[in-house]
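Everything below concerns the one structure shown next.
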Amino acid sequence: MDREHFEITGLGGRMTLEGILPVRGAKNSVLKALAASIIFDDPLKIENVPDIEDVGRVCEMLEFAGATVTRKSAGASICVVPAQTWKSELNPTIAGKLRASVVLTGPLLARAGEVRFPFPGGCVLGERPIDLFLLGFQAMGCDIQEAGDQFIIRTARGLTGGYIFFPLVSVTATETLMLAAVLAEGETVLANAAMEPEIALLADFLNLCGAHIEGAGTPTIRIQGHAGALLTARGRAFLTPPDRIETGTFILLAALAGKDIRIEKCQPAHLGALLSVLARAGVNLETGSNHITVRGKPGYRNLSVRTHEYPGFPTDLQAPMAVFMTQAEGEATLLETIFDGRFRYADDLIRMGADITIMNPHRILVRGPRKLVRKELESPDLRAGLAYVMAASIAEGTSIINNAYVIDRGYEHI
Ligand code: EPU
(Lines give C-alpha, C1' and ligand atoms only; values in the text may rest on other atoms or scores of the structure.)
Protein backbone atom coordinates (compact mmCIF):
# COMPACT_ATOMS: atom_id res chain seq x y z
CA MET A 1 0.00 0.00 0.00
CA ASP A 2 2.96 2.28 0.41
CA ARG A 3 2.40 4.11 -2.86
CA GLU A 4 4.00 7.42 -3.68
CA HIS A 5 1.36 9.31 -5.56
CA PHE A 6 -2.13 9.33 -6.99
CA GLU A 7 -2.81 10.39 -10.55
CA ILE A 8 -6.37 11.63 -10.96
CA THR A 9 -8.04 12.70 -14.18
CA GLY A 10 -10.83 15.03 -13.13
CA LEU A 11 -14.36 15.31 -14.44
CA GLY A 12 -13.96 18.99 -15.30
CA GLY A 13 -17.18 19.90 -13.54
CA ARG A 14 -19.32 17.08 -14.95
CA MET A 15 -21.59 15.32 -12.44
CA THR A 16 -21.39 11.80 -13.77
CA LEU A 17 -20.39 9.51 -10.90
CA GLU A 18 -22.88 6.76 -10.19
CA GLY A 19 -22.91 3.77 -7.90
CA ILE A 20 -22.72 2.48 -4.37
CA LEU A 21 -20.00 3.37 -1.89
CA PRO A 22 -19.77 1.29 1.29
CA VAL A 23 -18.16 3.07 4.24
CA ARG A 24 -15.35 1.29 6.14
CA GLY A 25 -14.85 1.04 9.87
CA ALA A 26 -13.82 4.22 11.68
CA LYS A 27 -10.10 4.79 12.09
CA ASN A 28 -10.57 6.86 15.22
CA SER A 29 -12.66 4.14 16.80
CA VAL A 30 -10.64 1.05 15.97
CA LEU A 31 -7.35 2.57 17.15
CA LYS A 32 -8.85 3.16 20.61
CA ALA A 33 -10.40 -0.33 20.74
CA LEU A 34 -6.92 -1.74 20.02
CA ALA A 35 -5.53 0.33 22.91
CA ALA A 36 -8.36 -0.92 25.14
CA SER A 37 -7.24 -4.54 24.59
CA ILE A 38 -4.47 -3.82 27.13
CA ILE A 39 -6.97 -3.70 30.01
CA PHE A 40 -8.40 -7.15 29.10
CA ASP A 41 -7.54 -10.46 30.71
CA ASP A 42 -8.50 -12.51 27.66
CA PRO A 43 -8.23 -12.14 23.87
CA LEU A 44 -10.16 -9.23 22.37
CA LYS A 45 -11.59 -9.56 18.89
CA ILE A 46 -12.26 -6.42 16.85
CA GLU A 47 -14.39 -6.54 13.70
CA ASN A 48 -15.01 -4.29 10.69
CA VAL A 49 -11.41 -3.12 10.88
CA PRO A 50 -10.36 -0.93 7.94
CA ASP A 51 -7.20 -1.99 6.08
CA ILE A 52 -5.28 1.22 6.73
CA GLU A 53 -1.73 2.10 7.71
CA ASP A 54 -2.54 3.48 11.17
CA VAL A 55 -4.15 0.19 12.23
CA GLY A 56 -0.98 -1.67 11.22
CA ARG A 57 1.15 0.75 13.23
CA VAL A 58 -0.94 0.42 16.41
CA CYS A 59 -0.87 -3.39 16.06
CA GLU A 60 2.93 -3.17 15.89
CA MET A 61 2.87 -1.04 19.03
CA LEU A 62 0.81 -3.67 20.85
CA GLU A 63 3.26 -6.35 19.73
CA PHE A 64 6.18 -4.23 20.92
CA ALA A 65 4.45 -3.99 24.33
CA GLY A 66 4.08 -7.78 24.49
CA ALA A 67 0.71 -8.67 22.92
CA THR A 68 0.13 -11.18 20.11
CA VAL A 69 -1.93 -9.73 17.28
CA THR A 70 -3.52 -11.73 14.47
CA ARG A 71 -5.24 -10.15 11.48
CA LYS A 72 -7.62 -11.93 9.12
CA SER A 73 -8.89 -11.22 5.59
CA ALA A 74 -6.95 -8.10 4.72
CA GLY A 75 -7.54 -6.70 8.17
CA ALA A 76 -11.32 -7.12 8.45
CA SER A 77 -10.94 -8.74 11.85
CA ILE A 78 -8.19 -8.55 14.43
CA CYS A 79 -7.60 -10.54 17.60
CA VAL A 80 -5.34 -9.20 20.36
CA VAL A 81 -4.05 -11.77 22.85
CA PRO A 82 -2.84 -9.87 25.91
CA ALA A 83 0.78 -10.02 27.06
CA GLN A 84 1.74 -12.04 30.14
CA THR A 85 3.78 -9.05 31.21
CA TRP A 86 3.30 -5.69 29.53
CA LYS A 87 6.36 -3.68 28.65
CA SER A 88 6.11 -0.19 30.15
CA GLU A 89 7.30 1.59 27.02
CA LEU A 90 5.70 2.77 23.79
CA ASN A 91 7.54 1.82 20.60
CA PRO A 92 9.42 5.12 20.25
CA THR A 93 9.73 5.03 16.45
CA ILE A 94 6.00 4.67 15.88
CA ALA A 95 4.89 6.83 18.82
CA GLY A 96 6.97 9.71 17.47
CA LYS A 97 4.91 9.63 14.25
CA LEU A 98 1.39 8.75 15.34
CA ARG A 99 -0.83 10.85 17.60
CA ALA A 100 -3.16 7.95 18.38
CA SER A 101 -0.22 6.19 20.08
CA VAL A 102 -0.76 8.40 23.10
CA VAL A 103 -3.98 6.50 23.90
CA LEU A 104 -1.89 3.43 24.80
CA THR A 105 -0.25 5.34 27.65
CA GLY A 106 -3.36 5.17 29.89
CA PRO A 107 -3.94 1.42 29.72
CA LEU A 108 -0.21 0.58 29.84
CA LEU A 109 0.25 2.75 32.90
CA ALA A 110 -2.70 1.00 34.54
CA ARG A 111 -1.20 -2.44 33.78
CA ALA A 112 2.52 -1.84 34.25
CA GLY A 113 2.55 0.95 36.85
CA GLU A 114 4.82 2.95 34.56
CA VAL A 115 4.93 4.14 30.99
CA ARG A 116 7.71 5.77 28.96
CA PHE A 117 7.04 7.50 25.67
CA PRO A 118 8.33 10.26 23.43
CA PHE A 119 6.24 13.28 22.51
CA PRO A 120 3.60 11.83 20.15
CA GLY A 121 3.78 12.76 16.47
CA GLY A 122 0.99 12.72 13.89
CA CYS A 123 -0.58 14.98 11.29
CA VAL A 124 0.77 18.50 11.61
CA LEU A 125 -2.34 20.53 12.37
CA GLY A 126 -0.71 23.17 14.57
CA GLU A 127 0.40 22.65 18.13
CA ARG A 128 -0.78 19.36 19.63
CA PRO A 129 0.39 19.37 23.25
CA ILE A 130 -0.21 16.60 25.81
CA ASP A 131 -0.71 18.74 28.92
CA LEU A 132 -4.27 17.46 29.41
CA PHE A 133 -3.05 13.87 29.60
CA LEU A 134 -0.39 14.83 32.15
CA LEU A 135 -2.92 16.78 34.19
CA GLY A 136 -5.16 13.71 34.27
CA PHE A 137 -2.36 11.32 35.22
CA GLN A 138 -1.34 13.67 38.02
CA ALA A 139 -4.92 13.77 39.34
CA MET A 140 -4.80 9.96 39.40
CA GLY A 141 -1.77 9.97 41.66
CA CYS A 142 1.08 9.65 39.16
CA ASP A 143 4.54 11.07 39.26
CA ILE A 144 5.65 12.67 35.97
CA GLN A 145 9.22 13.10 34.81
CA GLU A 146 10.72 14.36 31.58
CA ALA A 147 14.09 12.81 30.76
CA GLY A 148 15.60 13.97 27.47
CA ASP A 149 12.91 13.49 24.86
CA GLN A 150 10.99 10.99 26.98
CA PHE A 151 8.10 11.29 29.39
CA ILE A 152 8.12 8.84 32.28
CA ILE A 153 4.87 8.44 34.18
CA ARG A 154 4.86 6.28 37.31
CA THR A 155 2.41 5.23 39.95
CA ALA A 156 3.88 3.85 43.17
CA ARG A 157 0.75 2.09 44.48
CA GLY A 158 -1.52 1.88 41.42
CA LEU A 159 -3.79 4.51 39.93
CA THR A 160 -6.34 6.21 42.16
CA GLY A 161 -9.59 7.78 40.98
CA GLY A 162 -9.71 11.56 40.74
CA TYR A 163 -11.71 14.54 39.53
CA ILE A 164 -10.36 15.76 36.20
CA PHE A 165 -11.70 18.89 34.58
CA PHE A 166 -10.43 19.35 31.03
CA PRO A 167 -9.85 23.06 30.31
CA LEU A 168 -10.13 22.11 26.60
CA VAL A 169 -12.19 19.32 25.11
CA SER A 170 -9.85 16.59 23.90
CA VAL A 171 -10.88 13.36 22.20
CA THR A 172 -7.78 11.28 22.89
CA ALA A 173 -7.26 12.66 26.43
CA THR A 174 -10.85 11.67 27.29
CA GLU A 175 -10.30 8.18 25.87
CA THR A 176 -6.90 7.66 27.46
CA LEU A 177 -8.01 8.65 30.94
CA MET A 178 -11.27 6.74 30.64
CA LEU A 179 -9.31 3.56 29.88
CA ALA A 180 -6.85 4.16 32.72
CA ALA A 181 -9.69 4.91 35.16
CA VAL A 182 -11.32 1.51 34.54
CA LEU A 183 -8.43 -0.13 36.42
CA ALA A 184 -7.95 2.64 39.01
CA GLU A 185 -8.99 2.41 42.65
CA GLY A 186 -12.21 4.39 43.26
CA GLU A 187 -14.26 6.82 41.20
CA THR A 188 -12.86 9.02 38.42
CA VAL A 189 -14.89 11.92 37.05
CA LEU A 190 -13.96 13.35 33.64
CA ALA A 191 -15.59 16.77 33.31
CA ASN A 192 -15.80 18.74 30.05
CA ALA A 193 -15.10 15.43 28.32
CA ALA A 194 -15.30 14.91 24.55
CA MET A 195 -18.68 13.57 23.36
CA GLU A 196 -17.72 11.79 20.14
CA PRO A 197 -19.94 8.79 19.37
CA GLU A 198 -16.84 6.57 19.18
CA ILE A 199 -16.21 7.25 22.88
CA ALA A 200 -19.73 6.24 23.90
CA LEU A 201 -19.54 3.08 21.77
CA LEU A 202 -16.26 2.07 23.33
CA ALA A 203 -17.63 2.69 26.83
CA ASP A 204 -20.73 0.59 26.07
CA PHE A 205 -18.52 -2.28 24.95
CA LEU A 206 -16.23 -1.99 27.98
CA ASN A 207 -19.31 -2.03 30.24
CA LEU A 208 -20.44 -5.30 28.62
CA CYS A 209 -17.02 -6.67 29.55
CA GLY A 210 -17.19 -5.64 33.20
CA ALA A 211 -16.38 -1.90 33.33
CA HIS A 212 -18.59 0.66 35.12
CA ILE A 213 -18.64 3.77 32.98
CA GLU A 214 -21.55 6.19 33.05
CA GLY A 215 -22.16 9.28 30.96
CA ALA A 216 -19.86 8.57 27.97
CA GLY A 217 -21.22 10.66 25.09
CA THR A 218 -22.03 13.51 27.53
CA PRO A 219 -19.63 16.10 29.00
CA THR A 220 -19.38 14.26 32.33
CA ILE A 221 -18.10 10.69 32.46
CA ARG A 222 -18.01 8.78 35.76
CA ILE A 223 -15.92 5.64 36.00
CA GLN A 224 -16.03 3.32 39.00
CA GLY A 225 -12.54 1.82 38.98
CA HIS A 226 -11.80 -1.85 39.46
CA ALA A 227 -8.60 -1.48 41.44
CA GLY A 228 -6.71 -3.49 38.85
CA ALA A 229 -9.35 -6.16 38.10
CA LEU A 230 -9.16 -6.74 34.35
CA LEU A 231 -12.04 -6.80 31.86
CA THR A 232 -13.07 -10.02 30.15
CA ALA A 233 -14.36 -10.21 26.58
CA ARG A 234 -15.41 -13.90 26.83
CA GLY A 235 -15.56 -14.15 23.07
CA ARG A 236 -17.49 -10.89 22.54
CA ALA A 237 -16.18 -8.83 19.62
CA PHE A 238 -15.98 -5.06 19.36
CA LEU A 239 -17.74 -4.00 16.17
CA THR A 240 -16.05 -0.93 14.70
CA PRO A 241 -18.67 1.68 13.72
CA PRO A 242 -18.63 3.24 10.25
CA ASP A 243 -16.22 6.13 9.75
CA ARG A 244 -18.25 9.33 9.91
CA ILE A 245 -15.45 11.42 8.40
CA GLU A 246 -15.15 9.07 5.41
CA THR A 247 -18.96 9.18 5.09
CA GLY A 248 -18.96 12.96 5.19
CA THR A 249 -16.23 13.19 2.57
CA PHE A 250 -18.12 10.81 0.25
CA ILE A 251 -21.26 12.96 0.66
CA LEU A 252 -19.35 16.12 -0.24
CA LEU A 253 -17.72 14.49 -3.27
CA ALA A 254 -21.06 13.04 -4.36
CA ALA A 255 -22.68 16.47 -4.11
CA LEU A 256 -20.01 17.89 -6.45
CA ALA A 257 -19.50 15.04 -8.91
CA GLY A 258 -22.29 12.54 -8.38
CA LYS A 259 -25.22 11.86 -10.64
CA ASP A 260 -26.63 9.31 -8.25
CA ILE A 261 -24.52 7.93 -5.41
CA ARG A 262 -25.72 5.74 -2.59
CA ILE A 263 -23.43 5.72 0.43
CA GLU A 264 -24.03 2.59 2.45
CA LYS A 265 -23.07 1.07 5.80
CA CYS A 266 -22.96 4.49 7.42
CA GLN A 267 -24.66 6.25 10.32
CA PRO A 268 -26.17 9.54 9.14
CA ALA A 269 -27.26 10.21 12.74
CA HIS A 270 -23.59 10.96 13.52
CA LEU A 271 -23.37 13.64 10.84
CA GLY A 272 -26.07 16.06 11.92
CA ALA A 273 -23.92 19.19 11.56
CA LEU A 274 -22.79 18.39 8.00
CA LEU A 275 -26.19 17.21 6.78
CA SER A 276 -27.90 20.31 8.13
CA VAL A 277 -25.49 22.69 6.38
CA LEU A 278 -25.68 20.75 3.11
CA ALA A 279 -29.48 20.65 3.17
CA ARG A 280 -29.51 24.44 3.60
CA ALA A 281 -26.96 24.78 0.80
CA GLY A 282 -29.41 22.98 -1.49
CA VAL A 283 -27.85 19.51 -1.72
CA ASN A 284 -30.36 16.80 -2.57
CA LEU A 285 -29.94 14.24 0.22
CA GLU A 286 -32.09 11.20 0.87
CA THR A 287 -31.26 9.81 4.27
CA GLY A 288 -32.10 6.41 5.79
CA SER A 289 -30.93 4.94 9.09
CA ASN A 290 -27.77 3.50 7.51
CA HIS A 291 -27.53 4.96 4.04
CA ILE A 292 -27.55 8.29 2.23
CA THR A 293 -28.29 8.92 -1.42
CA VAL A 294 -26.91 12.06 -3.03
CA ARG A 295 -27.86 13.37 -6.46
CA GLY A 296 -25.62 16.23 -7.44
CA LYS A 297 -26.90 19.34 -9.18
CA PRO A 298 -25.25 22.67 -9.93
CA GLY A 299 -26.18 25.85 -8.07
CA TYR A 300 -25.52 25.24 -4.36
CA ARG A 301 -25.58 28.20 -1.97
CA ASN A 302 -22.43 29.02 -0.02
CA LEU A 303 -22.89 29.02 3.75
CA SER A 304 -20.42 29.88 6.49
CA VAL A 305 -19.25 27.02 8.69
CA ARG A 306 -17.40 26.89 11.98
CA THR A 307 -15.80 23.72 13.29
CA HIS A 308 -16.73 22.62 16.77
CA GLU A 309 -16.32 19.62 19.04
CA TYR A 310 -18.89 16.86 18.46
CA PRO A 311 -21.80 17.19 17.83
CA GLY A 312 -20.68 20.37 16.03
CA PHE A 313 -19.11 20.48 12.57
CA PRO A 314 -16.04 18.15 12.62
CA THR A 315 -12.64 19.72 12.11
CA ASP A 316 -11.72 16.58 10.13
CA LEU A 317 -14.29 17.59 7.47
CA GLN A 318 -13.08 21.17 7.30
CA ALA A 319 -10.77 20.71 4.27
CA PRO A 320 -13.29 18.63 2.26
CA MET A 321 -15.90 21.30 3.10
CA ALA A 322 -13.60 23.99 1.70
CA VAL A 323 -13.52 22.13 -1.63
CA PHE A 324 -17.32 22.05 -1.63
CA MET A 325 -17.41 25.78 -0.89
CA THR A 326 -15.22 26.54 -3.94
CA GLN A 327 -18.09 25.19 -6.06
CA ALA A 328 -21.03 26.86 -4.28
CA GLU A 329 -22.43 30.27 -5.21
CA GLY A 330 -21.57 33.32 -3.15
CA GLU A 331 -19.00 33.98 -0.46
CA ALA A 332 -18.78 32.40 2.96
CA THR A 333 -16.24 31.88 5.70
CA LEU A 334 -14.80 28.75 7.20
CA LEU A 335 -13.71 29.14 10.83
CA GLU A 336 -11.43 26.50 12.39
CA THR A 337 -11.79 26.50 16.18
CA ILE A 338 -10.03 23.26 17.17
CA PHE A 339 -6.55 23.41 15.61
CA ASP A 340 -4.13 26.26 14.86
CA GLY A 341 -2.66 25.06 11.59
CA ARG A 342 -5.36 23.42 9.53
CA PHE A 343 -5.46 25.65 6.44
CA ARG A 344 -2.17 24.50 4.93
CA TYR A 345 -4.09 23.20 1.93
CA ALA A 346 -5.63 26.58 1.03
CA ASP A 347 -2.67 27.80 -1.06
CA ASP A 348 -2.86 24.69 -3.22
CA LEU A 349 -6.59 25.09 -3.82
CA ILE A 350 -5.86 28.69 -4.82
CA ARG A 351 -3.24 27.40 -7.30
CA MET A 352 -5.95 25.13 -8.72
CA GLY A 353 -8.18 28.13 -9.33
CA ALA A 354 -10.13 28.51 -6.09
CA ASP A 355 -10.90 32.03 -4.86
CA ILE A 356 -9.86 31.84 -1.22
CA THR A 357 -8.61 34.60 1.07
CA ILE A 358 -6.71 33.43 4.14
CA MET A 359 -7.91 35.97 6.68
CA ASN A 360 -5.93 34.61 9.66
CA PRO A 361 -4.70 31.19 10.86
CA HIS A 362 -8.26 30.30 11.91
CA ARG A 363 -10.44 31.75 9.16
CA ILE A 364 -10.66 31.66 5.38
CA LEU A 365 -13.10 33.33 3.02
CA VAL A 366 -14.21 31.30 0.00
CA ARG A 367 -15.93 32.72 -3.06
CA GLY A 368 -17.56 30.41 -5.56
CA PRO A 369 -18.17 28.89 -7.88
CA ARG A 370 -14.74 28.71 -9.54
CA LYS A 371 -13.48 26.13 -12.04
CA LEU A 372 -10.57 24.10 -10.72
CA VAL A 373 -7.72 22.99 -12.96
CA ARG A 374 -5.11 20.24 -12.71
CA LYS A 375 -2.02 20.66 -10.53
CA GLU A 376 0.73 18.62 -8.94
CA LEU A 377 0.08 18.65 -5.20
CA GLU A 378 1.77 17.46 -2.03
CA SER A 379 -0.64 15.99 0.48
CA PRO A 380 -0.04 17.94 3.72
CA ASP A 381 -2.03 15.68 6.08
CA LEU A 382 -4.60 12.92 5.97
CA ARG A 383 -7.82 14.92 5.73
CA ALA A 384 -6.43 17.68 3.54
CA GLY A 385 -4.99 14.92 1.34
CA LEU A 386 -8.46 13.61 0.77
CA ALA A 387 -9.68 17.11 0.04
CA TYR A 388 -7.04 17.14 -2.75
CA VAL A 389 -8.44 13.85 -4.07
CA MET A 390 -11.86 15.55 -4.17
CA ALA A 391 -10.50 18.70 -5.79
CA ALA A 392 -8.57 16.71 -8.40
CA SER A 393 -11.66 14.61 -9.13
CA ILE A 394 -13.76 17.63 -10.05
CA ALA A 395 -10.97 19.63 -11.73
CA GLU A 396 -10.14 19.82 -15.44
CA GLY A 397 -7.12 17.70 -16.43
CA THR A 398 -4.88 15.19 -14.69
CA SER A 399 -3.55 16.06 -11.25
CA ILE A 400 -0.83 14.32 -9.31
CA ILE A 401 -1.10 14.02 -5.55
CA ASN A 402 2.25 13.23 -3.99
CA ASN A 403 2.82 11.94 -0.47
CA ALA A 404 -0.11 9.57 -0.93
CA TYR A 405 1.07 7.59 2.09
CA VAL A 406 -0.60 10.05 4.45
CA ILE A 407 -3.94 9.36 2.73
CA ASP A 408 -3.45 5.57 2.97
CA ARG A 409 -2.91 6.07 6.68
CA GLY A 410 -6.61 6.66 7.14
CA TYR A 411 -8.55 5.55 4.06
CA GLU A 412 -8.78 1.98 2.78
CA HIS A 413 -8.00 1.76 -0.96
CA ILE A 414 -9.40 5.21 -1.55
N1 EPU B 1 -5.02 19.84 23.23
C2 EPU B 1 -4.25 20.46 24.18
N3 EPU B 1 -3.64 19.66 25.10
C4 EPU B 1 -3.76 18.31 25.12
C5 EPU B 1 -4.57 17.70 24.13
C6 EPU B 1 -5.18 18.49 23.19
O7 EPU B 1 -4.11 21.67 24.20
O8 EPU B 1 -3.18 17.67 25.99
C9 EPU B 1 -5.69 20.68 22.21
C10 EPU B 1 -5.22 20.37 20.80
O11 EPU B 1 -4.02 21.03 20.51
C12 EPU B 1 -6.39 20.86 19.99
C13 EPU B 1 -7.59 20.54 20.91
O14 EPU B 1 -7.05 20.36 22.20
O15 EPU B 1 -6.30 22.24 19.82
C16 EPU B 1 -8.38 19.32 20.53
O17 EPU B 1 -7.50 18.24 20.24
P18 EPU B 1 -7.85 16.74 20.58
O19 EPU B 1 -6.99 16.30 21.70
O20 EPU B 1 -9.32 16.56 20.70
O21 EPU B 1 -7.37 16.04 19.27
P22 EPU B 1 -6.75 14.60 19.23
O23 EPU B 1 -7.39 13.80 20.30
O24 EPU B 1 -5.28 14.68 19.17
C25 EPU B 1 -8.54 13.50 17.70
C26 EPU B 1 -8.50 12.80 16.36
C27 EPU B 1 -8.24 13.84 15.28
C28 EPU B 1 -9.34 14.89 15.31
C29 EPU B 1 -9.41 15.51 16.71
C30 EPU B 1 -10.54 16.49 16.88
C31 EPU B 1 -7.63 10.64 16.94
C32 EPU B 1 -6.50 9.69 16.86
N33 EPU B 1 -7.44 11.82 16.37
O34 EPU B 1 -7.25 14.08 17.83
O35 EPU B 1 -8.31 13.14 14.05
O36 EPU B 1 -9.06 15.90 14.38
O37 EPU B 1 -9.57 14.47 17.70
O38 EPU B 1 -11.74 15.91 16.60
O39 EPU B 1 -8.69 10.32 17.47
C40 EPU B 1 -7.60 12.55 11.89
O41 EPU B 1 -8.24 11.50 12.04
O42 EPU B 1 -7.10 12.88 10.79
C43 EPU B 1 -7.42 13.43 13.03
C44 EPU B 1 -6.54 14.41 13.04
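The values are calculated or read from the model by the stated rules, or taken from the named source; none is laboratory data. Remember, predicted model here, so these are calculated numbers, not experimental data. Heads up, the Cβs are rebuilt from the backbone with ideal geometry, glycines too, and the neighbour counts pull from every protein chain shown. When the accessible area is computed, the model is the full protein with side chains, heavy atoms only, and any ligands, DNA or RNA have been set aside. Shrake-Rupley method; radii C 1.70, N 1.55, O 1.52, S 1.80 Å.
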Once both label points are put 7 Å beyond Cα along the C-beta direction, the GLU214-ALA156 separation in nm becomes 3.3
With 0.36 nm assigned to each residue of separation and the Cα-Cα distance removed, ASP42 to ASN207 gains 57.9 nm
Counting only DSSP beta bridges with both partners in the range 142-281, the antiparallel fraction in percent, to the nearest 5, comes to 70
Restricting to aspartates and glutamates and to Cα separations under 16 Å from LYS297, and discarding same-chain partners fewer than 8 apart, the set is GLU18, ASP260, GLU286, GLU329
Probe 1.4 Å, all chains present, heavy atoms only: ASP204 accessible area in Å², nearest 10, is 90
Mean separation of Cα contacts under 8 Å (at least 6 apart) over the residue count of the range 120-244, i.e. the relative contact order in percent, is 21
The size of the Cβ-based charge dipole (Lys, Arg +1; Asp, Glu -1) of the chain about the Cα centre, to the nearest 20 debye, is 760
In this structure, the FRET efficiency calculated for GLU146 and ALA229 from their beta-carbon separation, with R0 = 35 Å, to the nearest 0.05, is 0.65
With all protein chains in place and a 1.4 Å probe, PHE119 shows an accessible area in Å² (nearest 10) of 100
Carbon/sulfur accessible area of the range 321-414, % of total, 1.4 Å probe, equals 50
Taking a probe of 1.4 Å and leaving out DNA, RNA and ligands, the range 192-326 shows per residue an accessible area in Å² of 37
Of MET178, MET195, ordered by accessible area with the largest first and a 1.4 Å probe, the sequence is MET195, MET178
As straight-line cross-link partners of LYS72, the qualifying lysines (C-alpha separation under 18 Å, not fewer than 8 residues apart within one chain) are LYS27, LYS45
Between the alpha carbon centres of the range 83-147 and the range 18-76 the gap in Å comes to 19
Note on the chain: alpha-carbon gyration tensor, axes a ≥ b ≥ c; rule is a/c under 1.5 for rounded, else prolate if a/b larger than b/c, else oblate; result prolate
Toy charge model, Lys and Arg Cβ at +1, Asp and Glu Cβ at -1: the range 201-318 dipole around Cα centroid in debye, rounded to 20, equals 280
Yeah, the range 204-247 with a ≥ b ≥ c from its alpha-carbon gyration tensor (a/c under 1.5 is rounded, else prolate when a/b outruns b/c, oblate otherwise) is oblate
Under the rule rounded for a/c under 1.5, else prolate if a/b exceeds b/c, else oblate, using alpha carbon gyration tensor axes a ≥ b ≥ c, the range 116-245 is classed as oblate
The simple spin-label model distance between THR93 and ASP347, using points 7 Å out along Cα→Cβ, in nm, is 3.2
Percent relative contact order for the chain, counting Cα pairs under 8 Å at least six residues apart, stands at 20
Taking only the alpha-carbon atoms of the range 298-414, the convex hull volume per residue, in cubic angstrom, is 102
What helix-only [θ] at 222 nm does the chain give? Using -39500 (n - 2.57) per DSSP H run of at least 4, over all residues, to the nearest 500, the answer is -8500 deg cm²/dmol
For the pair ASN290 and ILE358, the simple spin-label estimate (label points 7 Å beyond Cα toward Cβ) gives in nm 4.3
As a percent rounded to 5, the proportion of antiparallel DSSP bridges among beta bridges in the chain is 70
Within the range 1-38, DSSP-loop GluC sites (Glu not before Pro) with at most 11 other C-beta atoms within 10 Å are GLU4
Taking Cα pairs closer than 8 Å and at least 6 residues apart, the relative contact order of the range 30-80 in percent is 43
In terms of the charge dipole of the range 34-108, which places +1 on Lys and Arg and -1 on Asp and Glu at the beta carbon, the residue among PHE64, GLY106, GLY96 farthest towards the positive end is GLY96
Full extension between ASP340 and HIS413 adds, at 0.36 nm per residue less the Cα distance, a length in nm of 23.3 nm
Rh_Kirkwood(the range 200-345) over Cα pairs, Å, one decimal, evaluates to 17.3
Among trypsin sites (Lys or Arg not before Pro) in the range 4-63, those in a DSSP loop whose Cβ has at most 15 other Cβ atoms within 10 Å are ARG14
